[in-house]
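Trainee: This is the structure I want to talk about, given as structure tokens.
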Amino acid sequence: MGRCVAFRPAVGPWIVVLLTAMLAAGCQDGSVPNVITSPEGKPAYEGAKPPPTTPADPAVVVFKKQGGHPPYDLKVMDADGSHVTTIYSTTNINHGSPSWSPDGHSIAFYDRSDLWRIDVVLTNGVPTGANLTLLLDRATSVARPAWSPRGDLIAFLDINLKTIEVIPAVGGPATVLYTYAPASVWSLAWNRDGTQIAFSEGNAIRILTIGSGTVTTALGPEWGQQFGTPMELDWARTQEVLAFCAGAATTHNQAVYTLQLPSGTPIFRAEGYYSTWSPDDSAILFQRQSLRKFFLATGLITALGTSGEQPDWRRF
């Protein structure tokens, strides 16, 4: 590592002031102090002074390992992959499933098998995490939160009790909606008006109607037995269509599909996993080495230039 040295620049007084400030901050490697470059190669504006010239617009949330190893960072970014910013970190391997509140101000996720909520606040155009709140702490394992589009409830799974439950978004007692023993449930997705929850049970996709408690089958298990267990469900924002992933990620044949409800045939869209709809349903964001967008009208796929697991695209 180099050291700062004295010199006499032949430039105007304004640059002298800037360089003096950099030296005073201890810029051992000549970099601008407090400006952090993220592993994605984009500015990660934690503590940036001055703030970026354009304010961030947090639209996508992901979890990501630091250099492929713990800790794991909860990151937000703009829809184009810019303004990647860490708002929370954990060293616990049991974490994930970030889910935006419908107003885009908060995120639900699980960590250490507990259910949490964190607010996303813009300070001088820079996203920060605030008001971290523990919503549910159990001896059993809680996972896969999904925020209702109405904003009042967060659905989640209790892996040990094998239940689908909801809890008020502000905290409070949880209510069991469905018990799914003995098969496993992998993910939850609300419909657009918050009256139904889609979930993958074994190799099938089911639809739970909240008011009546009835459960119907949208995709039978025979499809999953052939193509792989449906996972990472996300219900379109304006249509009766599900996006989901199926296949084995370890063999690189994981694929993104869409399913017209109530009981259509899955349509292959792209190779990848972790699918989430854009607010206007024109594109699906997914992970394949990096985050990518599939545009339904054209079939075009574009890369965001960054990566992350279990992305969730802000609903509005």
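Trainee: Given the residues A169, A183, which is the only one that is in contact (Cβ under 8 Å) with a residue 40 or more places away in the chain and touching an Asp or Glu at 6+ places or on another chain (Cβ under 9 Å)?
Mentor: A169
Trainee: Can you give me the number of residues within region 138-174 that are over 12 Å from S187 (Cα atoms) and part of a loop (DSSP other than H, G, I, E, B)?
Mentor: 18
Trainee: How many of the residues making up region 213-238 are in contact with a Gly (Cβ under 6 Å, 6 or more places away or on another chain) and buried (at least 20 other Cβ atoms within 10 Å of the Cβ)?
Mentor: Total meeting the criteria: 1.
Yes/no per residue for (1) modelled with pLDDT of 95 or more; (2) closer than 28 Å to D152 by Cα; (3) over 23 Å from the mean Cα position of the chain (by Cα):
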| site | (1), (2), (3) |
| --- | --- |
| S187 | no, yes, no |
| T214 | yes, yes, yes |
| A248 | no, no, no |
| H252 | no, no, no |
| L259 | yes, yes, no |
| E271 | no, no, no |
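Trainee: If P279 satisfies all but one of (1) part of a strand (DSSP E or B); (2) modelled with pLDDT of 95 or more, what's the number of the condition it fails?
Mentor: All conditions pass for P279, except number (1).
Trainee: Enumerate the pairs (first residue in region 119-145 and closer than 19 Å to R314 by Cβ; second residue anywhere and charged (D, E, K, R) and assigned to a strand (DSSP E or B)) with beta-carbon separation below 6 Å, excluding pairs fewer than 6 apart on the same chain, so at least 6 apart or on different chains.
Mentor: Pairs found: A130/D119; N131/D119.
Trainee: Determine if region 53-63 includes at least one residue that is at positive phi and modelled with pLDDT under 95.
Mentor: There is no residue in region 53-63 that is at positive phi and modelled with pLDDT under 95.
Trainee: When you go through S212, S187 one by one, which is the residue that is polar (S, T, N, Q) and in a strand (DSSP E or B)?
Mentor: S187
Trainee: Sticking with this structure for a sec: Can you name the residue in region 183-202 that is out of contact with any Phe, Trp or Tyr (no Cβ under 7 Å at 6 or more places or on another chain) and under 26 Å from H95 (Cβ atoms) and, of all such residues, is surrounded by the most Cβ atoms within 10 Å (Cβ to Cβ)?
Mentor: The residue in question is F199.
Trainee: Would you confirm whether any residue within region 119-137 is under 13 Å from the mean Cα position of the chain (by Cα), in a strand (DSSP E or B) and under 23 Å from W186 (Cα atoms)?
Mentor: No: zero hits.
Trainee: Then there is this: Part of a loop (DSSP other than H, G, I, E, B) and at pLDDT below 95, is that true of G224?
Mentor: Criteria not met by G224.
Trainee: Determine, yes or no, whether A246 is surrounded by 20 or more Cβ atoms within 10 Å (Cβ to Cβ), at negative phi and in contact with a helix residue (DSSP H, G or I) (Cβ under 9 Å, 6 or more places away or on another chain).
Mentor: Taking the combined requirement at face value, the residue satisfies it.
The values are calculated or read from the model by the stated rules, or taken from the named source; none is laboratory data. Quantities reported herein were computed from a predicted structural model and do not represent experimental measurements. When we count neighbours, we look across all protein chains shown, and the Cβ atoms used for this are built from the backbone with ideal geometry, even at glycine.
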